[in-house]
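**Student:** I'd like to ask some things about the structure below.
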Amino acid sequence: MKKLMIEDENEGLVSLLGEKVTIFTNGYFYNGELVGVNDTCVKLKEPSIIYETGSFSDSIYRDIQSLNKEFWYVAIPAIESFGKSK
C-alpha cells in the first residue's frame, strides 16, 4: 500500500491569518480579517456579510454590509470555500 503523508500547518485557513478573506458558507458569504482559527470556528475582525457579489472581476462586491460588530465567528462545518478577499 502506498501512502502519502505530508502535514503542512501553513496551508488552508491558518495560512490566511491576518489577511482579509471571503468565506463562502452553505447559507451566506462573509468578509473580514481572519484573526483566529480553531477546530470549531474561525474569527473575523470587522466582519461584513455579502448579499450580492456582482461580477467576481469587479474590484468591490455589489452589496456588502457591515455586521456592526468588532468580531464575528463562523462555524468550520458550514464553510464551503474561502480565500483572500478583494
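Since every read-out is calculated from the coordinates, none of them should be taken as a lab result. No experiment lies behind these values; they were computed from the predicted model shown. Glycine gets a Cβ as well: all are built from the backbone with ideal geometry, and neighbour counts include every protein chain shown.
**Student:** Taking Lys43 as the anchor, which lysines have their alpha carbon closer than 29 Å to its alpha carbon, excluding any fewer than eight residues away along the same chain?
**Tutor:** Lys20, Lys69, Lys84, Lys86
**Student:** Three principal axis extents, largest first, for the C-alpha atoms of the chain, in Å?
**Tutor:** 50, 28, 22
**Student:** What FRET efficiency, computed as 1/(1 + (r/R0)^6) with R0 = 30 Å and r the Cβ-Cβ distance, is obtained for Ser55 and Asp8, rounded to the nearest 0.05?
**Tutor:** Values: r = 33 Å, r/R0 = 1.10.
Efficiency for this residue pair is about 0.35.
**Student:** At 7 Å along Cα-to-Cβ for each site, give me the label-to-label distance between Lys86 and Glu46 in nm.
**Tutor:** The modelled label-to-label distance comes out at 1.7 nm.
**Student:** Starting from the Cα of Phe71, step 7 Å along the direction of its Cβ; do the same at Ser15; then give the gap between the two resulting points in nm.
**Tutor:** The two pseudo-label positions are separated by 2.6 nm.
**Student:** Moving to a separate point now. Restricting attention to region 2-86, which chymotrypsin sites (Phe, Trp or Tyr not before Pro) occupy a DSSP loop and are surrounded by at most 13 other Cβ atoms within 10 Å? Could you put the intermediate results ahead of the total?
**Tutor:** Working: sites: Phe24, Tyr28, Phe29, Tyr30, Tyr51, Phe56, Tyr61, Phe71, Trp72, Tyr73, Phe82; in loops: Tyr28, Phe56, Tyr61.
Here the sparse-neighbourhood loop sites are Tyr28, Phe56.
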